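Beneath this line is the structure, given in structure tokens, with notes to follow.
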Amino acid sequence: MITNNVADAILKKDPYDIKVAIAYMNNFNFSCTQPERWDRALATIPFLVHITTNASEFSWFADILLPDTHGVFEKWAWMKSIGNGYQHVTLLQPSIKPMWEAKVDETEIPWLLGEKLAAKGFDNLLRYCKTVKDPETGKEPQNDKEFALYCVKSTTQNLWDPAKYQGGDKFDGWEAFRKAGVWNSAPYPYRKRWGAMNTKTKKFEFYSETLKAALEEHAKKHNTTVDDILEVSGYQARGEKAFIPHYEEPTTAGDEKEYPFLFVDHKSRLNREGRSANCTWYHEFKDVDPGDVAWGDVAKINPVDAKKLGLNNGDKIRLVSPTGKLECTAKLWEGAQPGTVAKCYGQGHWVYGRVASKVFGKVPRGGNNNDVLPAVYDRLSGATVRHAATRVKIEKI
């Protein structure tokens with residue numbers, strides 16, 4: 001499912017009209033392409049709650065803002081990572097007392113809601129929460145804290161319970177795992193999954209029998225052809241070519257005459273999923289990103305193109321695409337290919353904090369790349385199209 005489509009669903013009231021929404025740790029109306037749709041969508045919801053550690057553009061539309069616990073220090077959780085032939089599961093556990101009335105978003109708050117609903121005669125949620133029992137004792141949770149703990153114990157039981165041992169580090173129980181804080185797998189056996197892949201042939205497919213079967217089944221269901229599905233989905237390949245690796249021309253919004261520059265969206269070395277913009281060090285060291293400048297937000301333009309437009313370093317400019325616009329500063333940089341405008345993602349916040357925005361709630365610092373990117377998707381994978389997705393024109397302000 002494409003989360004970014006939810007904004008359109010809310011605006012269209014399809015499949016229903018949203019009256020109450022509870023969201024946590026997201027900022028869709030900054031981080032999604034064509035985010036103005038989210039501004040309009042959230043403004044239509046009569047009662048919106050946002051659970052977060054940091055106020056954001058999404059928070060601006062909330063009727064109630066609730067403090068979330070910090071994942072590393074304040075709540076029970078676990079994280080999985082895979083690399084170099086090993087898997088690691090890190091146990092996150094409370095090490096400090098949460099500030100204020102912060103609650104865990106995925107466990108404590110649902111439990112507390114369940115209690116209040118049960119008091120009004122609607123006990124479904126609370127009864128469901130109580131099905132998560134302590135794997136060691138079989139005890140039902142009696143409060144939100146126990147529910148949070150039992151959820152983590154249950155989801156990690158295969159790692160710490162000797163009766164369920166499947167390999168890697170071996171523990172004699174939950175307490176041993178809690179003290180260790182991490183489970184490490186045994187090394188991945190070379191070729192373990194060869195001949196047992198999740199494909200139609202059970203092998204790595206250079207010619208994808210899996211994709212072919214899926215498209216043929218879909219075509220039969222809708223009384224059409226595979227080639228027709230490819231055409232409707234915006235693909236150029238037809239016939240057998242569709243099932244082997246091949247090149248597809250990118251689909252780009254905007255007529256070249258009106259929007260002469262391809263927009264290149266690239267990522268910062270300093271971003272952690274775009275969450276660094278309220279830190280002074282992020283802006284101070286921004287020039288580590290090729291072509292960027294400290295305490296600024298620039299669009300990088302090849303000097304050949306800049307000369308034709310009469311642009312100089314430091315000029316205030318507006319980038320306009322078929323779906324939106326943003327304002328930033330021009331930077332003449334030979335690293336930008338002629339005919340393109342390259343801009344680093346991460347700035348353009350108008351709420352995220354006193355540093356991230358020039359005037360909190362009113363004036364952004366720089367421009368948000370998503371404001372010029374259309375909300376389009378690769379039809380077969382569902383992935384958001386971000387690169388080579390649009391053309392832009394440059395206006396001097």
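The values are calculated or read from the model by the stated rules, or taken from the named source; none is laboratory data. Because the structure is a prediction, the values reported are computed rather than measured. Here the Cβ is made from the backbone with ideal geometry for all residues, glycine too, and neighbour counts use every protein chain on show.
Residues that are of a type in the set (Phe, Trp, Tyr) and under 30 Å from GLU240 (Cα atoms) occur at least once in region 182-198.
The condition (being crowded, with 18+ Cβ neighbours inside 10 Å, out of contact with any helix residue (DSSP H, G or I) (no Cβ under 9 Å at 6 or more places or on another chain) and at pLDDT 95 or above) is satisfied by just one residue among VAL132, VAL104, VAL152, VAL89: VAL152.
PHE177 - would you say it is modelled with pLDDT of 95 or more, at negative phi and assigned to a loop (DSSP other than H, G, I, E, B)?
Details: modelled with pLDDT of 95 or more: yes; at negative phi: yes; assigned to a loop (DSSP other than H, G, I, E, B): no.
Considered against the rule, which asks whether it is modelled with pLDDT of 95 or more, at negative phi and assigned to a loop (DSSP other than H, G, I, E, B), PHE177 comes out as no.
Scanning region 211-242 for residues that are out of contact with any helix residue (DSSP H, G or I) (no Cβ under 9 Å at 6 or more places or on another chain) and among the polar types (S, T, N, Q), we see that the one that is surrounded by the fewest Cβ atoms within 10 Å (Cβ to Cβ) is ASN223.
Starting from residues that are assigned to a loop (DSSP other than H, G, I, E, B) and of a type in the set (A, V, I, L, M, F, W, C), keep the ones in region 118-147 and report whichever is farthest from the chain's Cα centre (by Cα). Before the answer, list the steps.
Filtering region 118-147 down to residues assigned to a loop (DSSP other than H, G, I, E, B) leaves 120-123, 130-143.
Keeping just the survivors that are of a type in the set (A, V, I, L, M, F, W, C) gives 122, 132.
Details: PHE122: 33, VAL132: 28 Å.
The residue in question is PHE122.
Residue count for region 360-397 satisfying the condition of being over 18 Å from THR323 (Cβ atoms), basic (Lys, Arg) and in contact with a strand residue (DSSP E or B) (Cβ under 7 Å, 6 or more places away or on another chain): 2. Of the candidates ILE2, ILE18, ILE22, ILE45, the single residue that is farther than 15 Å from ASP105 by Cα, aliphatic (A, V, I, L, M), within 19 Å of the chain's Cα centre (by Cα) and surrounded by fewer than 20 Cβ atoms within 10 Å (Cβ to Cβ) is ILE2. The residue that is surrounded by the most Cβ atoms within 10 Å (Cβ to Cβ), among those in region 327-355 that are in contact with a Ser or Thr (Cβ under 8 Å, 6 or more places away or on another chain) and more than 16 Å from ASP265 (Cβ to Cβ), is TYR352.
Restricting the first member to region 226-241 and to residues that are under 18 Å from PHE206 (Cβ atoms), and the second to residues that are surrounded by 14 or more Cβ atoms within 10 Å (Cβ to Cβ), the beta-carbon pairs closer than 8 Å and six or more apart or on different chains are ALA237/LEU230; GLY239/ASP227.
Considering only residues in region 366-397 that are surrounded by fewer than 16 Cβ atoms within 10 Å (Cβ to Cβ) and of a type in the set (Lys, Arg), the one that is nearest to ALA9 (Cα to Cα) turns out to be ARG379. Among the residues in region 87-105, are any without any contact (Cβ under 8 Å) to a residue 40 or more places away in the chain, over 22 Å from LEU65 (Cα atoms) and in contact with a strand residue (DSSP E or B) (Cβ under 8 Å, 6 or more places away or on another chain)? Checking region 87-105: at least one residue is without any contact (Cβ under 8 Å) to a residue 40 or more places away in the chain, over 22 Å from LEU65 (Cα atoms) and in contact with a strand residue (DSSP E or B) (Cβ under 8 Å, 6 or more places away or on another chain).
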